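The next block holds one structure in the form of structure tokens; read it before the comments.
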Amino acid sequence: MDRPLLMIPGPIEISPAVQRAAAAPPPGHLVASFMEDFARALAAMRDVWRAGPDAQPFVVSGSGTLAMEMAIANVVDAGDRVVIVQTGFFSDRLAEMARRRGAVVTVVTADAGCAPPVASVADAIDRIKPKVLGVTHVDTSTGVRVDAEGLAKLARAAGVLSVFDGVCATGAEPFEMEAWGADVYLTASQKAIGLPPGLALLVAGPRAIEARAGLKALPPLSIDFDAWQPVMQAYEAGRPSYFATPATSLVGALRVGLDEIVGTGDPAVAMAARWAMHARAAAALREGFAELGLLPLPASPEITANTLSALLYPAGIGPALVGAVRERGVIVAGGLHPARKDAYFRVGHMGWAAGSTDALLRTVLAIGEALVAQGHATDVEQAVTRTAAALSA
Ligand SMILES: *Cc1c(COP(=O)(O)O)cnc(C)c1O
């Protein structure tokens, strides 16, 4: 059988061109071709993030967790008040990082599969007057997507810095960093950006850079905005610089991956098309999943992400389904929210796979056949047909 299809919420299937770029002999960090790739990658990040000219992109070696830590460490000081919007496993991680930084953290809570209403977050901001609002754009543990526009604008209007963890969203879910007034938007290379794991990617707006300048407790040197900003500025201007060795192979792949997303035309048009591709793939899969009797964990369509599906096991089916799907050539993921992790499984559909009819149909087929093998009566052929029909509509 072919190599199994990787349909988890990161790492994801990557495009052939990105794969080639990542597999090239590692360039030196001071050679001309690398500097050109880095300059283009940084400029393209502004386009993908929909960030303004005064925002600063950062590319640092590490995972999404490091990007989260970098954001928190540079805008949160000991004693600061921080409000976190609870959506699941990853918002809890963001809260823990803020606590370790010495912040006084208030969590606006929500049950698994839910997101707090913007009005509840507004109440918390009124009451607490925090310095920072921390939000997980899509919580990969539950497939819940928050109202990022509502929350970013709320924070901006209240003079609160907003930090958005976009690790399972950036490049796939609508986000307008500049227009909405968000202050930090971060992700990792192995999610919707479509690269192998290894890069922490973050864009900080001017208010976030200013917050770093005002810190009493300095951030760890390796993730300090101040240490990295001159390096990023130099590379974007086509000049070499050094603070710590960049992941040169991945930066080359980043240039290719971001160019696949935004190209050289109007970034607003390219990003709208990219977001629409993910919305279409998610909607088509939902048709197929509904036919198979799989209901989403997220409580309503408005908060259901387009980058992954968290699906409740039907009666009589449990976590053994994941292995049965794997035997049919597709890798999906188990549940992750501590309160309900044995009640659902997760299917990633971002990046290259979201644009591949074959990958999406193979996924529905493998899940359907695994369900039948486990004793759940369902019409697999009809599920595949419904998915295909939605994709070609
Ligand atoms: C994957 C993910 C992370 C963690 O990223 P790592 O690369 O695993 O460190 C953080 N937040 C969200 C929303 C994620 O999806």
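The values are calculated or read from the model by the stated rules, or taken from the named source; none is laboratory data. Treat the numbers as computed from the prediction; the structure is a model and nothing was measured. Glycine gets a Cβ as well: all are built from the backbone with ideal geometry, and neighbour counts include every protein chain shown.
General remarks:
- Residues of segment 195-220 satisfying the condition of being small (G, A, S) and within 16 Å of the ligand (Cβ to nearest atom): G198, A200
- Contacts under 6 angstrom Cβ, first residue in segment 199-218 being under 13 Å from M177 (Cβ atoms) and surrounded by 19 or more Cβ atoms within 10 Å (Cβ to Cβ), partner modelled with pLDDT of 95 or more and among the aromatic types (F, W, Y), 6 or more apart: L202/F58; V203/W49; V203/Y185
- Remark: pairs (first residue in segment 152-164, over 16 Å from Q86 (Cα atoms); second residue of a type in the set (F, W, Y) and at pLDDT 95 or above; Cβ separation under 8 Å; 6+ apart in sequence or on different chains) = K153/W180; R156/W180.
- If you go through segment 1-45 and pick out every residue that is small (G, A, S), crowded, with 19+ Cβ neighbours inside 10 Å and not in a loop (DSSP other than H, G, I, E, B), you end up with 4.
- Residues of segment 155-187 classified as touching a strand residue (DSSP E or B) at 6+ places or on another chain (Cβ under 8 Å), hydrophobic (A, V, I, L, M, F, W, C) and away from the ligand (no atom under 16 Å from the Cβ), total: 4
- Matching residues, segment 276-322, being in contact with a Leu (Cβ under 6 Å, 6 or more places away or on another chain) and among the β-branched types (V, I, T): none
- In summary, helices (runs of 4 or more DSSP H) completely within segment 222-314 and bearing 2 or more residues that are more than 28 Å from A390 (Cα to Cα) occur at 225-236, 248-262.
- Residues that are touching a strand residue (DSSP E or B) at 6+ places or on another chain (Cβ under 6 Å), of a type in the set (F, W, Y) and in a helix (DSSP H, G or I) within segment 338-393 are absent altogether.
- Considering only residues in segment 338-352 that are surrounded by 21 or more Cβ atoms within 10 Å (Cβ to Cβ) and farther than 16 Å from V167 by Cβ, the one that is nearest to the chain's Cα centre (by Cα) turns out to be V347.
- Some residue of segment 99-106 being hydrophobic (A, V, I, L, M, F, W, C), within 30 Å of A44 (Cβ to Cβ) and not in a strand (DSSP E or B): no
- A71 being touching an Asp or Glu at 6+ places or on another chain (Cβ under 9 Å), in a helix (DSSP H, G or I) and within 16 Å of the ligand (Cβ to nearest atom): yes
- Residue in segment 46-60 that is closer than 13 Å to L195 by Cα and either more than 16 Å from the ligand (Cβ to nearest atom) or in a helix (DSSP H, G or I) (or both) present: no
- Residues that are small (G, A, S) and in contact with a Cys (Cβ under 9 Å, 6 or more places away or on another chain) were ranked within segment 269-301; the one that is surrounded by the fewest Cβ atoms within 10 Å (Cβ to Cβ) is S300.
- Yes/no for T87 being part of a loop (DSSP other than H, G, I, E, B), of a type in the set (V, I, T) and either surrounded by fewer than 22 Cβ atoms within 10 Å (Cβ to Cβ) or out of contact with any Lys or Arg (no Cβ under 8 Å at 6 or more places or on another chain) (or both): yes
- D77, sole failed condition from (1) within 16 Å of the ligand (Cβ to nearest atom); (2) part of a loop (DSSP other than H, G, I, E, B); (3) touching a Leu at 6+ places or on another chain (Cβ under 6 Å): (1)
- Test result for V167, over 13 Å from the mean Cα position of the chain (by Cα), buried (at least 23 other Cβ atoms within 10 Å of the Cβ), closer than 25 Å to I14 by Cβ and in contact (Cβ under 8 Å) with a residue 12 or more places away in the chain: no
- Extreme residue, nearest to the chain's Cα centre (by Cα), among residues of segment 86-138 that are among the polar types (S, T, N, Q) and away from the ligand (no atom under 16 Å from the Cβ): T109
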